[in-house]
Amino acid sequence: MTLFAATLSAAVLLLAPGLVLLWNGPAVERVARAFPRSQAAAYVFFGGGALWFLDLIAHLGPADFGEYRQILIFIFAAVGLGAFFVSRDFLAVRGVAILLLLAARPALDASMIYTPPPETRVWLNGFIYIAIVASIYFGTVPYQARDFIGWLFFKSSRPRVLGALCAAYGVALAVLATTYYQKY
């Protein structure tokens, strides 16, 4: 992944929910409140995260327990499938956390690969580290996502403020990505 692609991807990840929250139509709150326990979202996000993780295991080298990869694939596939039957609550939140944590590595690698690295990469890295901390937190206590959504929509101005902040950061990253297009 190039620095341009990583920065533009982060911009899109901020702009999409930022613009939706900024708009804050009547369906936004309904969808947001239903998301943490949504089975369809769990299949998409948790299933996608599990498949990505299994793909990473399938490509392990000999130094990373590669000779045990079939056993590891079987164990983690069983755990991933079992999660849909044993702990169905908040799988969508856990799935988003998994995907963000897995996406953080290639994005951070892209920002560290260039010598000398651009000083402006701190904006991308800042977003990535915030996403990592939020993913670890909400992945371990996913019911807090439900509580955060309740707090967010308690006042009608809160979603718009958060949406404006996310959208502004996304626009800043998108503009920054255009400066990387030729060089990085």
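Tabulated results
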item: Filtered residues of the stretch 9-28 (kept if of a type outside the set (V, I, T), at pLDDT 95 or above and in contact with a Phe, Trp or Tyr (Cβ under 9 Å, 6 or more places away or on another chain)); result: A10, A11, L13, L14, L15, G18
item: Output for the stretch 1-31, where each listed residue is free of Cβ contacts under 8 Å to residues at least 60 places away in the same chain and either outside any helix (DSSP H, G or I) or in contact with a helix residue (DSSP H, G or I) (Cβ under 6 Å, 6 or more places away or on another chain) (or both); result: G25
item: Filter pass, F148 being more than 20 Å from L8 (Cα to Cα), part of a loop (DSSP other than H, G, I, E, B) and of a type in the set (F, W, Y); result: no
item: Top-ranked residue in the stretch 168-180 [being crowded, with 20+ Cβ neighbours inside 10 Å and not aromatic (F, W, Y); ranked as nearest to R30 (Cα to Cα)]; result: G170
item: Among the candidates R88, R69, R94, residue that is basic (K, R), in contact with a Pro (Cβ under 8 Å, 6 or more places away or on another chain) and touching a residue at least 12 places away in the same chain (Cβ under 8 Å); result: R94
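The rows are residues; the columns are (1) over 19 Å from the mean Cα position of the chain (by Cα); (2) surrounded by fewer than 17 Cβ atoms within 10 Å (Cβ to Cβ).
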position	(1), (2)
A131	no, no
Y137	no, yes
P142	no, no
G150	yes, yes
S156	yes, yes
L162	no, yes
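The values are calculated or read from the model by the stated rules, or taken from the named source; none is laboratory data. Keep in mind the model is a prediction, meaning the values are calculated, not measured. Neighbour counts are summed over all protein chains in view; Cβ atoms, including those assigned to glycine, are modelled from backbone coordinates with ideal geometry.
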